[in-house]
Amino acid sequence: MAKCGLCEVIVCPGTMAPMAALTDPQNPAPTSTSGPVVGFDLDMTLIDSRPGIRATWVALAERTGAYIDADLVVTRLGPPLTEEMANWFPAERIPAMTALYREMYPTYAIEPTLPMPGVHETIAAVHAAGGRAIVVTAKYEPNAKLHLSHLGIDADAVVGDLWAEGKGEALREHGASVYVGDHIGDVRGARTVGALSVAVPTGPCDADTLRTAGADVILPDLTAFPAWLEGYVAERA
């Protein structure tokens, strides 16, 4: 896992979107917010799910008798589960194996997963700015919610089963002006709807890769986010 030693900010004026409101039918909210609506990826952005995901893949291999290199799997988290399944199972077995993995996941993955450094302070900073924090992830939504509940991450809404440009659907629906993620797929999702792409090289993509993909802001990790958000809000006051 590559990390950027310094906080680097790259601003592309054309990519900035106005702050907007979040309306979640399952979590009724005011029609407007006084601060930004910020979207966040989940795996390797808010949580270090590698221990839990590895444990689930190991258990799946034991259950099915398939060869799966779980250590390799956790080096490339981000894309949809079905894409990873295709590396270990024939196409006709992928739907059944995906369903089995998701069924096993709560047993093996929730407890070992850790919060990323700065995650609670990051969500608190969004709320302190009068904004809302939404999680938009490729992960199966019920399992994403289990992670957030277990780790006490106070997101205002959670949308699962979306990847790359598909994440733009939820960002647009919820009026997010900023999207934070660790993968080039997250950058693509933000840029699809003109949201500011804030990247953290805490997952499989290093800072250079994220920059090349078009990230507007690169932070070393979430511990730098509250200070960055303070400046972002002040500039728009």
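Assorted remarks:
- Per residue, the stretch 104-237 exposes 36 Å² of solvent-accessible protein surface, assessed with a 1.4 angstrom probe and all protein chains in place.
- In the chain, Cα pairs under 8 Å separated by at least six residues give a relative contact order of 31 percent.
- Highest-fluctuation residue, P95, P80, P220 considered, GNM on the chain with Cα pairs under 10 Å: P95
- In order along the stretch 139-149, phi translates into HN-Hα couplings of 5, 3, 4, x, 6, 4, 5, 4, 4, 5, 5 Hz, rounded to whole numbers, per the Karplus curve 6.51 cos²θ - 1.76 cosθ + 1.60 with θ = phi - 60° and x for Gly and Pro.
- Rounded percent of accessible protein surface that carbon and sulfur make up, the chain, 1.4 Å probe: 55
- The chain: most fluctuating residue of A199, A55, A133 per GNM, C-alpha cutoff 10 Å: A55
- Probe 1.4 Å - accessible area at H120, Å² to nearest ten: 80
- GNM top mover of A125, A66, A109 - the chain, alpha-carbon springs below 10 Å: A66
- With the whole protein complex present, K139 retains an accessible surface near 30 Å², based on a 1.4 Å probe.
The values are calculated or read from the model by the stated rules, or taken from the named source; none is laboratory data. Note that the structure is a prediction, hence the values are computed from the model and not measured. When the accessible area is computed, the model is the full protein with side chains, heavy atoms only, and any ligands, DNA or RNA have been set aside. Shrake-Rupley method; radii C 1.70, N 1.55, O 1.52, S 1.80 Å.
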